Structure formats: structure tokens, C-alpha cells
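All remarks here apply to the structure that follows.
The values are calculated or read from the model by the stated rules, or taken from the named source; none is laboratory data. This one's a predicted model, so the numbers in the text were calculated from it and none came from an experiment. Don't worry about glycine lacking a Cβ; one is built from the backbone with ideal geometry, like all the others, and counts go over all protein chains shown. Areas reflect the complete protein model, heavy atoms only, side chains present, ligands, DNA and RNA absent. Shrake-Rupley method; radii C 1.70, N 1.55, O 1.52, S 1.80 Å.
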2 protein chains.
Amino acid sequence: MKKAELTRQHVLDTALALFRKRGFEETTMRDIARAAGLALGAAYYHFPSKDALLFAFYDANQSATEARTRVYPTGEPLRARLGRLFHDRLHDVAPNRTLLGAIIPRHANPADPVSAFSAESADVRARAIALFDAAIAPEDLPPPTRALVARALWAAHLGILIYFADDRSPGQRKTHRLVDDVLDLVTPLVALARTPAAAPLVAQVVRAASRAMQPDRRSGPRGPRSRSRAG
Amino acid sequence: MKKAELTRQHVLDTALALFRKRGFEETTMRDIARAAGLALGAAYYHFPSKDALLFAFYDANQSATEARTRVYPTGEPLRARLGRLFHDRLHDVAPNRTLLGAIIPRHANPADPVSAFSAESADVRARAIALFDAAIAPEDLPPPTRALVARALWAAHLGILIYFADDRSPGQRKTHRLVDDVLDLVTPLVALARTPAAAPLVAQVVRAASRAMQPDRRSGPRGPRSRSRAG
DNA sequence: CCTAGATTGTGAACGTGTTCAAAAAAGGAG
DNA sequence: CTCCTTTTTTGAACACGTTCACAATCTAGG
């Protein structure tokens, strides 16, 4: 089992290097195998598909962002916490920014295994959401609201990444600016949302959102539960 | 020139029928050619790529939505106008809902010719935005705000379509419910945004948005303008 | 009708991601 | 070491989207 692990890592490193240099679509599985000093089939022995290489990168990159210790100093304001999180995330992604063009589009297709909404990426997604959840934890929101806000932040972060992928301004400063603009706009709303006057509106939002995120209802809710395949 | 037009339409019809029945990825260009009674190369004579077939559909579908007369009765409230527009759009798309899974993901990649952000689809996009612009026209917003709101609605509509594509609830009622929920939440904000108290906030939003949508600034803004390729 | 030129159609061939039967290498038990 | 099993590697082969040199068909002009 030692040999495989080593080769696997070597293939992945080779692939990512080529992806970064030439782009995802432009890099051939045959290129990767050749560059790694292997036959085509060997590459497929370690990675079931070209997408799997992309997914492995996605996963590793997520781990990198997680590696930053996400312990927020007590008293650090929400705006600062979110700012740090978003900007750091951009910096982590930056070296592989061109790869985003290959990954992002697939996020929109729930049937795609690479998608941000697919079952296959459920754990990576959960970990990503957890990062945002940690950032808002000190706010002590009621659990449903908190879960909702964390998801919303994660979704916003996906949008930011789409923008980032195509941002050709030097240093992608436009994206960083956008992050600051959005946070400056949204963060004050959190304080506002906690006033009693806003309570009904907040409730309305939470209700609508949880409705939308609920899985499809079965036609017959009564009767004994039977495990059936979700075709 | 008559023959070609006829064959072209025949190929397109055949292709769309197959796409609807079997899905986009699952349908082969060879399938299409065979079903249309042509050789493979002939299909490529009329459509430069498989994507071109998708794009032709995209365009035709947009025209279908436009065909509904978008003359809003005077006095019809904003909420009703938008509701009609969104729900009607969903109904127009519904017969080809499965095709969305093929189109939507590519919308996120600006480098993709099919993308909603690409130069190639600029006119279709402009026409789509115009639909939303017409719906908010009676509100008499200041032009920059109006343009922004129209674009925002269009973007929201893209998001709704993503949700729609994966909505397996009967009749996709979940998506229709989501549309209503979102409109119920957002429409009142428009009225709110027009109060003098909200003016600074609105200005802030408009400023941030136009910054984000501005094309990349050249490094040297001075000196004579020279047309240079945007590599 | 004929024929030159344009238009439209043909199908083999290319490069791609992926699969697979079989070969090679590695391990373990005797 | 030898034999057997498991792991790893190989490269030919498949179906796909796409290209292209060529063939068939159509259209004018004589």
C-alpha cells in the first residue's frame, strides 16, 4: 500500500503542475501520464477520471484554507472576522486561479460529481460551510438563523470565486475590493436584523429559505417509513 | 440558399427532440445525423459544433419568452409584474427543463461561448435583461439604479433557473414557491429604498455595483487611445 | 442540353477521455 | 528460492466531438 500512495501523489502533483501551466482542458491525460513517467492506464488506476484529479485538488485546497487556525480573538468585530476569512480564502486560491475556470462551471450542475451541491462533495462542502459558521459563531444567533447565514455566506463566497476567476485586474484587486464593498454593506444588516422591529422580516426570510432547502416531500407522508431508493 | 435553411431547421428540430428525450450529453452527433437522415459531416456543415445546437435553442427559447407581449397594464403593481414575468419564464422553459442541466453550468464560465457572460451571447443577454428592465420601467427609478436593478433581477433569474433545473417536486412547485417568497421579500424593499432615509445606502450599493461591473482599468489612463487587443 | 462553379453532403481519420484484458512487479508462505 | 496471490502497470481499443479532402448535387449561363 506504500507504493500506490507515493505514485498517486506523484501523479496528482504532475497533473496540477500541468493544469496550472497549460490549463485544465488543454492538458491531456496522456500528457499527465507521460510527464509522470507512467502509461495512460496507470494514471487511471490511481484516479478514476480526469475530474477526480480536479476533485483531489479541490479537497486539498479546502484543507489548506482550514489549516489556518480559525480561532478568532475575543472582541474582534464581525466585519474583521469575515474580511479576514474572505481575503485569506482568495489568497489561498490565487495560485490556482486559472483552475477555477474549470471547476466553477460544474458547481452549477447538481448532477455533476464535482458540483458544490452533489452528494459526492458533501463533506468538502460541509467543511467549507463550517468555516463561515465559525466566523459568525461569536454573534450568538439563534441556530436556524445561524445555519442559514453560514450557508448564505458560503454561497456568496462561491459567487465571489466566479468573479475572481475572471478578474484580470492586477493582483485581482477588483475582487478584493468587491469583497470589502459587500461586507461593508451586509455586515451592518446583521446588527439591524437583531432589533425587535426586524424580527418578523427575519422570520419570513428564515421560513422561505428553509422551505427552499427542504428536500422534496414524498407524496404520501403517512404510513410506515420504508427505505426506498431516491431514483 | 433555400435548401440549406430547410435542412438546418430539420437538423435543429431533430437534435432538440433527441436532447429532450435522452438528454444533451447522452445524445451523440452521430445520433442526430442518423435521425435526421444525414451523414455526420452534413450536420457539422449546418452547425459548427454540438454547442451551436444548444445555443440555437437558447436563442429560440429567449425569443419565445419575448413573444409574450410585455405591455404592462397601467397601475399593475410591481409585485404582480415581476411575478408574471418570472412564472411565465419558468413555464416557457419547463418543456426543456432537462436541457438546463447542460446549459446552466456553462453560464458560469465566462470563457465559454455559451456562457451568459460571454461576448458571443451578448445580444441574447441584452434581450433577457431588457425584459426585466421593461418590468421595472413604470417605477421610474433613476437610470443607474434602474440598470442595476434590471441586471440584478436577471442574475436572480439565473439563480432561479439553477434551482429549477434540479427541482424534482411535482410541477416544480417548489421553484414557483421560491419565486413568490423571494418577490414577497424583495419587492417591499424597493419602496423602502425610495425613502430619503435610504438614499445613502442606495448610493453605496450603486457605487459598489458599478465598480464591480466596470471593465478592467488600463494601467495608463493618460495618453492617446489606441485600440489594442484585449488578450 | 451541357458544363463550370458554387453549394451541400460524405465518411474516413484525428485526438480526446475512458475501459479492459492481460502482463509485469511486489509480497508472502512454504 | 518457488509458487501463488495481490497490487500495479501496460497499451490497444472504444465512443465521442470535430476536421477535412473529396464526392454528389444543384444552379447559372451558354
**Q.** Residues located in the range A:24-57, provided they are within 11 Å of DNA strand C (Cβ to nearest atom) and part of a loop (DSSP other than H, G, I, E, B)
**A.** A:F24, A:E25, A:E26, A:T27, A:T28, A:A39, A:F47, A:P48, A:S49
Q: Output the residues belonging to the range A:41-63 that are closer than 17 Å to A:E26 by Cα and among the hydroxyl-bearing types (S, T, Y).
A: A:S49
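Yes/no matrix, rows are residues, columns are (1) at pLDDT 90 or above; (2) aliphatic (A, V, I, L, M); (3) surrounded by fewer than 15 Cβ atoms within 10 Å (Cβ to Cβ); (4) under 24 Å from A:D180 (Cα atoms):
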| residue | (1), (2), (3), (4) |
| --- | --- |
| B:I136 | yes, yes, no, no |
| B:A147 | yes, yes, no, yes |
| B:L161 | yes, yes, no, no |
| B:F164 | yes, no, no, no |
| B:G223 | no, no, yes, no |
Q. Restricting the range B:81-117 to residues that are more than 7 Å from every other protein chain (Cβ to nearest Cβ) and among the β-branched types (V, I, T), which is farthest from B:W154 (Cα to Cα)?
A. B:T98
(Q) So for the range A:59-67 (the condition being within 15 Å of DNA strand D (Cβ to nearest atom) and assigned to a helix (DSSP H, G or I)), does at least one residue qualify? (A) no
Q | Subset of the range A:1-18 that is more than 10 Å from DNA strand C (Cβ to nearest atom) and surrounded by fewer than 16 Cβ atoms within 10 Å (Cβ to Cβ) - its residue that is farthest from the other protein chains (Cβ to nearest Cβ) | A | A:L6
(Q) If I go through the range A:1-23 residue by residue, how many of them are outside any helix (DSSP H, G or I) and either in contact with a helix residue (DSSP H, G or I) (Cβ under 6 Å, 6 or more places away or on another chain) or within 27 Å of A:P105 (Cβ to Cβ) (or both)? (A) 1
**Q.** Qualifying residues in the range B:22-44 (those that are touching a residue at least 24 places away in the same chain (Cβ under 8 Å) and farther than 13 Å from B:H10 by Cα) - the one farthest from DNA strand D (Cβ to nearest atom)
**A.** B:G23
Q. B:A155 passes all but one of (1) more than 14 Å from every other protein chain (Cβ to nearest Cβ); (2) out of contact with any helix residue (DSSP H, G or I) (no Cβ under 8 Å at 6 or more places or on another chain); which number fails?
A. (1)
Q: Give me a count of the residues in the range A:19-36 that are within 12 Å of A:F57 (Cβ to Cβ) and open to solvent by less than 100 Å² (accessible area, probe 1.4 Å).
A: 2
(Q) If the requirement is being at pLDDT below 95, over 19 Å from the mean Cα position of the chain (by Cα) and assigned to a helix (DSSP H, G or I), which of these qualifies: B:A155, B:A198, B:A208, B:A128? (A) B:A198
Q: Would you be able to tell me the number of residues in the range B:172-201 that are of a type outside the set (S, T, Y), open to solvent by less than 60 Å² (accessible area, probe 1.4 Å) and more than 11 Å from chain A (Cβ to nearest Cβ)?
A: 5
Q: For the range A:118-157, enumerate the residues that are within 20 Å of A:A212 (Cα to Cα) and either among the aromatic types (F, W, Y) or touching a Leu at 6+ places or on another chain (Cβ under 6 Å) (or both).
A: A:W154
